[in-house]
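First the structure, in the form of structure tokens, and then the observations on it.
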Amino acid sequence: DHLRTELTGLRTGRASPGMLDNLAVPGAYGGDEGSGRASSSSHAPPLRALAATTARDSHTLVVTPFDPATLPALEAALRDGPLALNPSRSPGGELVIPVPPPTKDAAAAMLKVARAAAENARAAVRQARRGGMEAAKAGHAGEDDRRVAEKKVQAATDEATAAVDKLVAAKEKALAEV
């Protein structure tokens with residue numbers, strides 16, 4: 001799930017509401033002002049806690065704040081954040097955000113990020129496998145029971161690795177179409 005969340009944040013040229021979910025919104029409650037970068041403030045709430053995001057079409061997102069007072073902070077976070085989007089206010093108190101397709105260089109950079117995230121996920125799977133194998137060896141007195149437990153751990157590992165590979169392949173395909 002963590003990998004899926006990370007990959008959702010990568011822009012593929014199609015407007016996806018999930019790409020804004022983890023965007024930090026500093027100053028939303030009159031606190032610290034700053035950029036919308038997720039690392040800028042540990043106390044800044046994520047956009048998903050302050051507004052609903054929908055895709056109007058494949059190139060436009062609409063952000064509807066739960067509290068109209070947070071609109072300026074949302075606008076600043078979107079404009080100054082890592083995606084460098086250019087929101088405009090609509091008469092209904094919403095932010096309309098055109099999502100331009102990424103350049104070839106940006107798509108290549110996002111592909112590297114996706115592959116790095118996949119490798120981190122695979123490392124986590126390997127670590128979980130290692131722990132499972134140690135538990136199987138320690139928890140089963142009989143040789144047959146140990147082998148059955150190890151096979152179950154290996155099957156779960158194979159399934160998780162296949163899921164990681166499938167997610168990354170889908171994101172690579174989407175980025176290749178840019």
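The values are calculated or read from the model by the stated rules, or taken from the named source; none is laboratory data. As the structure is a prediction and not an experimental result, all values here were calculated from the model. Neighbour counts run over all protein chains shown; Cβ positions are idealised from the backbone, glycine included. In case anyone asks, the SASA skips ligands and DNA or RNA and just uses the protein heavy atoms, side chains included. Shrake-Rupley method; radii C 1.70, N 1.55, O 1.52, S 1.80 Å.
If you wrap the chain in the convex hull of its Cα atoms and look at it from every side, the mean projected area works out to 12.3 nm². Comparing S90, S58, S16 in a Gaussian network model of the chain, where Cα atoms under 10 Å apart are tied by springs, the biggest mean-square fluctuation is seen for S90.
A Förster radius of 35 Å, combined with the Cβ-Cβ distance separating Q154 from T5, puts the computed FRET efficiency at roughly 0.85.
Ignoring the sites themselves, the chain has its longest run without trypsin sites (Lys or Arg not before Pro) in a DSSP loop having at most 16 other Cβ atoms within 10 Å at 38-178. Toward the positive end of the charge dipole of the chain, with +1 on the Cβ of Lys and Arg and -1 on the Cβ of Asp and Glu, the farthest Cα among A52, L111, L85 is that of L111. Output the DSSP H helices from the chain with an along-axis C-alpha extent of no less than 15 Å and a mean Kyte-Doolittle hydropathy no less than 0.5. Qualifying helices, which must be both long enough and hydrophobic enough, do not occur.
Counting other Cβ atoms within 10 Å, keep those with at most 14, restrict to DSSP loop, and tell me which GluC sites (Glu not before Pro) in the stretch 96-178 are left. Passing sites in the stretch 96-178 are E177.
On a per residue basis, the chain carries 58 Å² of accessible surface, using protein heavy atoms and a 1.4 Å probe. Estimated from the Cβ-Cβ distance and a Förster radius of 25 angstrom, the FRET efficiency linking K137 and A162 is about 0.50. Note on the chain: lysine pairs with Cα distance below 20 Å, sequence gap of 8 or more or different chains, count 8. Taking the three principal axes of the alpha carbon atoms in the stretch 96-159, the coordinate ranges are 61, 23, 14 Å, sorted in descending order. Between N120 and A170, the simple label model (points 7 Å from Cα in the Cβ direction) yields a spacing of 2.0 nm. Normalised by residue count, the stretch 68-125 yields a Cα convex hull volume of 118 Å³ per residue.
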